[in-house]
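Heads up: the structure comes next, in structure tokens.
All of the numbers you see were taken from the coordinates with simple rules; none came from a lab. Please read these numbers as outputs of a predicted model, since none were measured by experiment. Heads up, the Cβs are rebuilt from the backbone with ideal geometry, glycines too, and the neighbour counts pull from every protein chain shown.
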Protein chains: 2
Amino acid sequence: MRATIKDVARISGVSTATVSRVLNQLGGYGPEVATKVLAVAKAIGYRRNDSAVSLVKQATRTIGIVMPTVTTSFYAQIINGIEDSAYQAGYSVILTHAGSSNIRLLESLNFMVERRVEGIIGVSINLNQTDLTQIKALAVPLLLLSAQAPDDQLPYVKVDDYQAAYAATRFLIKQGHQRIALAGVDPSDLVAGQPRIAGYEAALTAAQLRPDRNLIFTGDYTFAAGQQAMQAIIARPEVAPTAVFAVSDETALGVISICYQAGIEIPRELSVLGYDNSAIAAMATPALSTVAQPFYQMGQIAAQKMITSLQTKTVITSELVPFKLIQRGTVAVPRSN
Amino acid sequence: MRATIKDVARISGVSTATVSRVLNQLGGYGPEVATKVLAVAKAIGYRRNDSAVSLVKQATRTIGIVMPTVTTSFYAQIINGIEDSAYQAGYSVILTHAGSSNIRLLESLNFMVERRVEGIIGVSINLNQTDLTQIKALAVPLLLLSAQAPDDQLPYVKVDDYQAAYAATRFLIKQGHQRIALAGVDPSDLVAGQPRIAGYEAALTAAQLRPDRNLIFTGDYTFAAGQQAMQAIIARPEVAPTAVFAVSDETALGVISICYQAGIEIPRELSVLGYDNSAIAAMATPALSTVAQPFYQMGQIAAQKMITSLQTKTVITSELVPFKLIQRGTVAVPRSN
DNA sequence: GCTTTTTACGTAAACGTTTACCTTAATTGT
DNA sequence: ACAATTAAGGTAAACGTTTACGTAAAAAGC
């Protein structure tokens, strides 16, 4: 068994209260006692037991992360951001997956409540009203990252998908594109799907271009979705876009992979724009132009917001973080111009 | 404040012991008491406090993950594997970064010991002898994942880098390649660097090909390392390999990106083989041939080994997991053949 | 030199559980 | 019908800390 504060006290010849005071530097002890206690603690390898501390202090200094079981590449960046901020503030982070399609979500949240996390950051989780009422019953602060609850019932940190899609589409138009496809989007997705469609269409309309539903290729943000979209584009020469705005970098790579197989040269024959700026974007050939989400910073911001809210006992406010258009090698002016 | 077992007991009109028995289904109570207690617990939103349980049971059912602050794309797969296994066994996982180049390593480990994790899985961390003695002093089980300690002083789960590099090189030779470069490797890295160099050279020697140190381009496994290696290859036409074995997928993409810029066609003019089979390998154009490490399974195996060792109180044994050569689109027979 | 303040500790309760041990009543066996 | 067993539930200690409160001695103030 591991040494306890009592062992340190006994060997040092003082009370546990004094040991605690020395260890936490609270004052109220003499210098020779302090050195003695410290020496003994080190000698017997004493480490304090956070379970006991949490119990008496009624605070665990732990925040939880809940994510769907995905392996998209920005996963790491988000977690890094959260963990770095948490660590700096002396908080631990405990991690749980919600399973694919949130199957394990409430179970996971329960788990965390029993661990007495002080707050939870839910990454990319879609909530319906039933979920929300159950979450409220849990009585634990929940902050959404890259997600949004119906009627904004929960605070969030995310980019403004409408604005980002608008800016991205506008950028393609300014390059001279008129027939711009939107690929891989899920129109039933209220948080990332519909706003991006709306932004895309608004930018077209603002430029006097008529949005064409035949240019929207639905999907689930994956590589495969991009492949399917591009195959559909090739199969229907009558639509013939000069640019495709993919709804994620992975989707963009999917369309690029089909283009490669079909001998369509990028960006000469077709421009492709991604979304996310995940690590793979810079490493693709040609390097992928994309709209960047600052994942690491989003993680940091989320953790900071959560922790300061915890410490100041104020409510967490939502925050829209800035996106950025990153021009690399997959967008050019269309050939016809 | 959250409801406690005492609240449940008081409202139900029984003792806390009985509540505990009901909640944990230990028997020794009547059916009507049970339903009453359960109803009360639910009504007041009682959740048990794991800090208290951990304290009295002297077990936290938590394992820790320590990783360097990297954003390589297999990060997610490893964590998913660990978390899934842990979750199934009723364990929580708490996550900490060791910082770049392990700057925060011992601090992180200490953190975890204070949290009383029952075991720690260290992912991709390189340990020197000083680290090791300090870790031993921590007296907590540590299992290495994709890493190895000097003199095998700690158990590990990893692929056999020597064999994998040997098989990969042999594969390239069988395709007809005779001048094969090795790119991005760190020769001072005892765990992933030297064994891969050795396997690479052994395969060459076994095929009566003389290893040539000029064909080894050192680096740090990154995308940039691959770019530098390929630039060096182009700058020195006298070495002119027909294939390059990159020491990671990212490095492979680095060499591919330079080839693209230089107009070198892959795989017609140059074959490229990666290492890892991270998500990006399948999404690259052309799709990257690579030696696959089963990251998700490695995570699972590590967690399972740790947990069964904890439960059976046996030592953790090391395990070499199988690699696999995945042939996609970046390796072909050399032109000269 | 006496009171007052400060310093340096010790005592013990509290945090929320689990569980060994005890007690009472009901059930069983004969 | 009575002893023996079992079932149902209570009591209280224990886990490892922190911290309010108490106390004795030393220091300071006059």
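Using the Cα coordinates of the range B:16-123, the gyration tensor eigenvalues translate into equivalent-ellipsoid semi-axes of 38, 15, 11 Å, sorted from longest to shortest. Tell me the angle of helix B:161-174 to the major Cα principal axis of chain B, expressed in degrees between 0 and 90 and rounded to the nearest ten. Helix B:161-174 and the main axis of chain B meet at about 40 degrees. What is the angle, in °, between the Cα long axis of helix B:75-88 and the longest principal axis of the Cα atoms in chain B? Nearest 10 is fine, range 0 to 90. The two axes meet at around 30 degrees. Here the range B:197-337 is described by how far its Cα atoms reach on the three principal axes: 59, 34, 27 Å, from widest to narrowest. Summary for residue A:152: label point 7 Å along Cα→Cβ; distances to the equivalent points in the other copies, ascending, 6.1 nm. Take each residue in A:81-90, count the other chain C-beta atoms within 10 Å of its C-beta, and the mean is 2.
The alpha-carbon of residue A:158 sits under 18 angstrom from the alpha-carbons of these lysines, leaving out residues fewer than 8 places away in its chain: A:305, A:324.
Peptide B:93-100 has a mean shielding of 4, counted as Cβ atoms of other protein chains within 10 Å of each residue's Cβ. Under 19 Å of direct C-alpha separation, and excluding same-chain neighbours fewer than eight residues apart, residue B:174 reaches these aspartates and glutamates: B:201, B:212, B:269.
Contact order, relative form, for chain A: 16 percent (alpha carbon pairs under 8 Å, 6 or more residues apart, mean separation divided by residue count).
Taking amide H as placed 1.01 Å from N in the peptide plane, the amide H of residue A:319 sits under 5 Å from that of A:156, A:157, A:158, each at least 5 places away or on another chain. Close amide-amide hydrogen proximity is noted between residue A:47 and A:3, each under 5 Å apart and 5 or more residues distant or on a separate chain (H modeled in the peptide plane; Pro and chain starts excluded).
Computed over the range A:5-48, relative contact order equals 41 percent, with contacts defined as Cα pairs under 8 Å that lie 6+ residues apart. Here the protein assembly as shown is assigned +1 on the Cβ of each Lys and Arg and -1 on the Cβ of each Asp and Glu. Its dipole about the Cα centre then comes out at about 1620 debye. Taking 0.692 mPa s as the viscosity and 37 °C as the temperature, the Stokes-Einstein diffusion coefficient of the range A:105-245 based on its alpha-carbon Kirkwood radius rounds to 194 µm²/s. The helix-based estimate of mean residue ellipticity at 222 nm for chain B, built from -39,500 (n - 2.57) per DSSP H run of four or more residues and divided by its residue count, is -13500 deg cm²/dmol to the nearest 500. Just so you know, the Cα atoms of the range B:5-48 work out to an Rg and Dmax of 8.9, 24 Å.
The coefficient of translational diffusion for the range A:124-177, derived via Stokes-Einstein from the alpha carbon Kirkwood radius under 4 °C and 1.567 mPa s, stands at 99 µm²/s.
Global dimensions of the protein assembly as shown from alpha-carbon coordinates: Rg and Dmax equal 28.0, 89 Å. Taking the C-alpha atoms only, the angle from helix A:129-138 to the longest principal axis of chain A is near 10 degrees.
Ascending distances from the residue B:30 label point to its copies in the other chains, with the point 7 Å along the Cα-to-beta-carbon line: 6.3 nm. For chain B, the antiparallel share of DSSP beta bridges with both residues in that region comes to about 10%.
Among the listed pairs A:313/B:6; A:136/B:57; B:6/B:36, which are separated by more than 20 Å between their Cα atoms? Cα-Cα > 20 Å for A:313/B:6; A:136/B:57; rest within.
Shielding value for B:69-75 is 6, the average number of Cβ atoms from other chains within 10 Å of each residue's Cβ. Label positions at residue B:236 and residue B:264, each projected 7 Å from the Cα along the C-beta direction, are separated by 1.3 nm. Beta bridges assigned by DSSP with both partners in the protein assembly as shown are antiparallel in approximately 10 percent of cases. One way to sum up the overall shape of chain B is the equivalent ellipsoid from its Cα gyration tensor, whose semi-axes run 52, 20, 16 Å, largest first. Identify, among B:197, B:264, A:59, the residue whose Cα sits farthest towards the positive end of the charge dipole of the protein assembly as shown, taking +1 on the Cβ of Lys and Arg and -1 on the Cβ of Asp and Glu, with the dipole about the Cα centre. Result: A:59.
Listed values for the range B:298-304 are Karplus-derived 3J(HN,Hα) couplings in whole Hz (6.51 cos²θ - 1.76 cosθ + 1.60, θ = phi - 60°), namely 4, x, 4, 4, 4, 5, 5, and x replaces Gly and Pro.
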